[in-house]
Amino acid sequence: MGRFVHFAAAIAVALSLPVQSEIPTLQDLHAEPCEKLGAFAGAAPKAATAGTRTVSPYDLLLQWNGDVLWGPATASTNPVTKFGDEARSVFGPMPDGVCTGPNSRPVGLEVDGNVVRLEPNLSKPATPLEFAHRDVEGGLVKWTTAVDRCDKPSLAGGVTFCGLNSRVGRVTRDHVQWLFLCRKSSESLEIAAEPYWTETDPRFSRYSAIGFNNVTGEIAFLDGRKDRSVFDWRERFPPPGGASYGDSAGRRAAEELYDGSAMVDCVLCHDNKKPTVIDPHMQQARVGYFEGRHDPRAVFSMGNFLPGRIARADAPFRVIGSAYSAAHASTLLDGRSFLIEGHPCSSCHSLTTLESGRRFAADATGKAPVIPNPTVMQNAALFAQKEALMLVQNHRTDWASATGAGKISPWMTPGHGGSLWKGVRVLNDDDWLRLSRCAWGVGGSECGYTPLFTQCPPPGGGVDTFVPTNFSADVHPNPTATKGTQKLLRLSWKYLNGYGRVPTRDDVRFNVAFKTTDVPLAGAPLTRHEYPTVDEAKGTGVVAAAGGVGRSGSATLLQDVSFAGHKKWTDPVPSSMARLYSLDVPAACGKRYLFRILPKRFCFDHSGVRFSEAEYLLYKDIDCDR
């Protein structure tokens, strides 16, 4: 309702002005962004290009403005490159994938409370590769030729349960972090005393990456090609789409590296509104060690290499990638968060109807998934989940169990989470039944179900508080003046695409629709119905004349306007200040020009484009006698 009042105020001000007066800016009529904008430091408005032949108004509009009429991520239809351009428009420049160096860690292996490494056994002839088991002080406990079970088997499914020497890398830029996983695995899903599993062998079989914005909850997934079984972490892993639109070599290399089909539904497991799923297998000191960070065996861990994050059930969470969203639309539409008030597992965790609620919660609490009176389809799904959990359990050592010496499984306790030394009881059956019912989507109102994935915010709406300001319309001489277009009308405004605090974010454009009428007699009232309609500004039924210019209903429409100087298929220079937007319109004497300016966000998900719900209206009368 407050926004409606602003709209009315804008029209009221316009109506109260004498004809020919300067156009007021709308800055005072609309709320300022939460972050105060600094002084503008953008490029100067473009100069009009002189012409020597008679051209139509559409031609002039395209000639004068064509460089900035373009949508992001429209340079390529290749699914890998298009995804890269989409991701770069949201998260900013993507780093090369890296699994080595100071910003990376190996994923180790622990058996019976000891660390295990694959190395030559110098005490035997020919020094064969064997598994060396060492305690927290580095003392050799024993050698084995095989490892059938481990303390912290992987829950991922389809990968080696007790793998060794995979690597994870992490790069943080502003509020965006990128995680890279170079995973060693085998077809048998078992480990063997072979060179491939040694720490120095750079070969691995699965490459993947995750991008995440800590402010907006936007997340993106990419996987290496599925028809490639061997990667080498000494190689460069260029980002999809290359480093920029102009990085032709990088774009071609990435198309050969990544899976363009979005085959794997990554968000089934990465559903907890975080970039990481932290279970004991990932060897973070806070999970899977009986005394937590203070446990002597935490020396085997990565420490806090992957920082913790408590995600509220109502926190924003959105997957970026139009191809991924199309391939996995049902997951994105059906996924739900739930929060059971007063439940011992609800104080720290945001649980979902995907794998965090079904598989990870079951393994963490040592419980079996259950649905009272399941249907045939539900029973089949339960059976598959129990089978997956049984395979994990069959690869877990007795030492790690609640009755073993380690007592690290279950690895979450009611009310104390991963602080296992504090929790002396397991989750009772009634509390587990309540949680399991909610996780499988058959719970009642106590589950407090909400959509897991939040909507793409329109510019200036919802969680995005950044709005355009400083609107103006100024008349200049027309260097291509003809009888019908004696003047050049320059429309300008300022806008910072500050959502997510990414200095190069580039997912917002503007549609500008305008109509012309004769300048009325002085004092004639102006109504909002004289402006182009919202549908005309959206381009509903637009007939394109050329480029981003066309006819939309009774209005002329310029689509996908970017900021001044931002030429087609180039990446923006970083900025934390408002950028200048500018359009030149051929104008005729004695005419009134009425504009509707409509911001739009390219969502790169199943929702396509979201238009702003705010109205930005202004007009200008062309009086050639003054």
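The values are calculated or read from the model by the stated rules, or taken from the named source; none is laboratory data. Values in this document were obtained by computation on a predicted structure and should not be read as measured data. With ideal geometry, Cβ positions are generated from the backbone for all residues, glycine too; neighbour counts draw on all protein chains shown. Only protein heavy atoms, including side chains, enter the accessible area calculation; ligands, DNA and RNA are left aside. Shrake-Rupley method; radii C 1.70, N 1.55, O 1.52, S 1.80 Å.
Just wondering, is there one or more residues in region 224-237 that are under 30 Å from residue 311 (Cα atoms), part of a loop (DSSP other than H, G, I, E, B), touching a residue at least 40 places away in the same chain (Cβ under 8 Å) and touching a strand residue (DSSP E or B) at 6+ places or on another chain (Cβ under 8 Å)? No: region 224-237 contains no residue that is under 30 Å from residue 311 (Cα atoms), part of a loop (DSSP other than H, G, I, E, B), touching a residue at least 40 places away in the same chain (Cβ under 8 Å) and touching a strand residue (DSSP E or B) at 6+ places or on another chain (Cβ under 8 Å). Within region 575-626, the set of residues being out of contact with any Leu (no Cβ under 8 Å at 6 or more places or on another chain), in a loop (DSSP other than H, G, I, E, B), of a type outside the set (Asp, Glu) and farther than 23 Å from residue 454 by Cα comprises 588, 589, 590, 624, 626. Among the residues of region 260-300, those identified as free of Cβ contacts under 8 Å to residues at least 40 places away in the same chain and crowded, with 17+ Cβ neighbours inside 10 Å are 278, 284, 285, 295, 298. When region 136-147 is filtered for residues that are under 42 Å from the mean Cα position of the chain (by Cα) and surrounded by 14 or more Cβ atoms within 10 Å (Cβ to Cβ), the ones remaining, listed by number, are 136, 147.
I'd like to verify a number: residues in region 403-431 that are modelled with pLDDT under 90, within 21 Å of residue 112 (Cβ to Cβ) and more than 33 Å from the chain's Cα centre (by Cα), how many? Qualifying residue count, region 403-431: 2.
Using the structure shown, decide if residue 203 is surrounded by fewer than 21 Cβ atoms within 10 Å (Cβ to Cβ), modelled with pLDDT under 95, under 33 Å from the mean Cα position of the chain (by Cα) and basic (Lys, Arg).
When the stated conditions are applied, residue 203 does not pass them.
With respect to (1) polar (S, T, N, Q); (2) open to solvent by 30 Å² or more (accessible area, probe 1.4 Å); (3) at pLDDT below 95, the lone exception for residue 322 is condition (3).
Residues satisfying the criterion are present in region 167-183 (criterion: in contact (Cβ under 8 Å) with a residue 12 or more places away in the chain, open to solvent by 20 Å² or more (accessible area, probe 1.4 Å) and over 21 Å from the mean Cα position of the chain (by Cα)).
Within region 75-102, the residues that satisfy the criterion of being among the β-branched types (Val, Ile, Thr) and either open to solvent by less than 40 Å² (accessible area, probe 1.4 Å) or in contact with a helix residue (DSSP H, G or I) (Cβ under 8 Å, 6 or more places away or on another chain) (or both) are 80, 81, 90.
Is one or more of the residues making up region 365-377 assigned to a helix (DSSP H, G or I) and either among the aliphatic types (A, V, I, L, M) or open to solvent by 60 Å² or more (accessible area, probe 1.4 Å) (or both)? Looking through region 365-377, at least one residue is assigned to a helix (DSSP H, G or I) and either among the aliphatic types (A, V, I, L, M) or open to solvent by 60 Å² or more (accessible area, probe 1.4 Å) (or both).
Let's see how each residue does on (1) touching a His at 6+ places or on another chain (Cβ under 8 Å); (2) within 30 Å of residue 221 (Cβ to Cβ); (3) crowded, with 19+ Cβ neighbours inside 10 Å:
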| site | (1), (2), (3) |
| --- | --- |
| 536 | no, no, yes |
| 540 | no, no, no |
| 546 | no, no, no |
| 554 | no, no, no |
| 575 | no, yes, no |
| 582 | no, no, yes |
| 608 | no, yes, no |
| 612 | no, yes, yes |
| 618 | no, no, yes |
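Of the residues in region 562-582, none is in contact with a strand residue (DSSP E or B) (Cβ under 6 Å, 6 or more places away or on another chain) and farther than 30 Å from residue 244 by Cβ. As a summary of the residue check, residue 200 satisfies the conditions (1) under 24 Å from residue 387 (Cβ atoms); (2) out of contact with any strand residue (DSSP E or B) (no Cβ under 9 Å at 6 or more places or on another chain) except for the one numbered (1). Hey, any hits in region 390-401 for a residue that's free of Cβ contacts under 8 Å to residues at least 40 places away in the same chain and part of a strand (DSSP E or B)? Scanning region 390-401, I find at least one residue that is free of Cβ contacts under 8 Å to residues at least 40 places away in the same chain and part of a strand (DSSP E or B), so the answer is yes. Taken over region 215-253, the residue count meeting the criterion of being farther than 23 Å from residue 167 by Cα and open to solvent by 10 Å² or more (accessible area, probe 1.4 Å) is 10. Per the conditions (1) out of contact with any helix residue (DSSP H, G or I) (no Cβ under 6 Å at 6 or more places or on another chain); (2) open to solvent by 10 Å² or more (accessible area, probe 1.4 Å); (3) not hydrophobic (A, V, I, L, M, F, W, C), the sole criterion not satisfied by residue 436 is (2). Contact map, region 99-111: residues that are hydroxyl-bearing (Ser, Thr, Tyr) and assigned to a strand (DSSP E or B) paired with residues that are modelled with pLDDT under 95 and surrounded by 15 or more Cβ atoms within 10 Å (Cβ to Cβ), Cβ distance under 8 Å, separation 6+ or inter-chain. Pairs shown: 104/98. Scanning for something assigned to a loop (DSSP other than H, G, I, E, B), under 30 Å from the mean Cα position of the chain (by Cα), at pLDDT 95 or above and more than 25 Å from residue 605 (Cβ to Cβ), does region 524-533 turn up at least one residue? No, there is no match, as no residue in region 524-533 is assigned to a loop (DSSP other than H, G, I, E, B), under 30 Å from the mean Cα position of the chain (by Cα), at pLDDT 95 or above and more than 25 Å from residue 605 (Cβ to Cβ).
Is one or more of the residues making up region 326-333 in contact with a Gly (Cβ under 6 Å, 6 or more places away or on another chain) and either part of a loop (DSSP other than H, G, I, E, B) or among the hydrophobic types (A, V, I, L, M, F, W, C) (or both)? Within region 326-333, none of the residues are in contact with a Gly (Cβ under 6 Å, 6 or more places away or on another chain) and either part of a loop (DSSP other than H, G, I, E, B) or among the hydrophobic types (A, V, I, L, M, F, W, C) (or both).
For region 103-122, check the following and say yes or no: at least one residue is crowded, with 22+ Cβ neighbours inside 10 Å, under 30 Å from residue 563 (Cβ atoms) and either modelled with pLDDT under 95 or touching a helix residue (DSSP H, G or I) at 6+ places or on another chain (Cβ under 8 Å) (or both). No - not one qualifying residue is present in region 103-122.
Pairing each residue of region 356-378 that is over 24 Å from residue 270 (Cα atoms) with any residue that is buried (at least 17 other Cβ atoms within 10 Å of the Cβ) and at pLDDT 95 or above, provided the two are 6+ apart or on different chains, yields C-beta distances under 8 Å for 372/437; 374/382.
The listed residues are 316, 307, and the only one of them that is open to solvent by 10 Å² or more (accessible area, probe 1.4 Å), in a loop (DSSP other than H, G, I, E, B) and more than 28 Å from residue 411 (Cβ to Cβ) turns out to be 316. Considering region 556-569 alone, what residues qualify as being closer than 18 Å to residue 493 by Cα, open to solvent by 10 Å² or more (accessible area, probe 1.4 Å) and not in a loop (DSSP other than H, G, I, E, B)? Within region 556-569, 559, 560 meet the criteria.
Let's see how each residue does on (1) at positive phi; (2) among the β-branched types (Val, Ile, Thr); (3) assigned to a loop (DSSP other than H, G, I, E, B):
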| site | (1), (2), (3) |
| --- | --- |
| 274 | no, no, yes |
| 277 | no, yes, yes |
| 281 | no, no, no |
| 284 | no, no, yes |
| 287 | no, yes, yes |
| 297 | no, no, no |
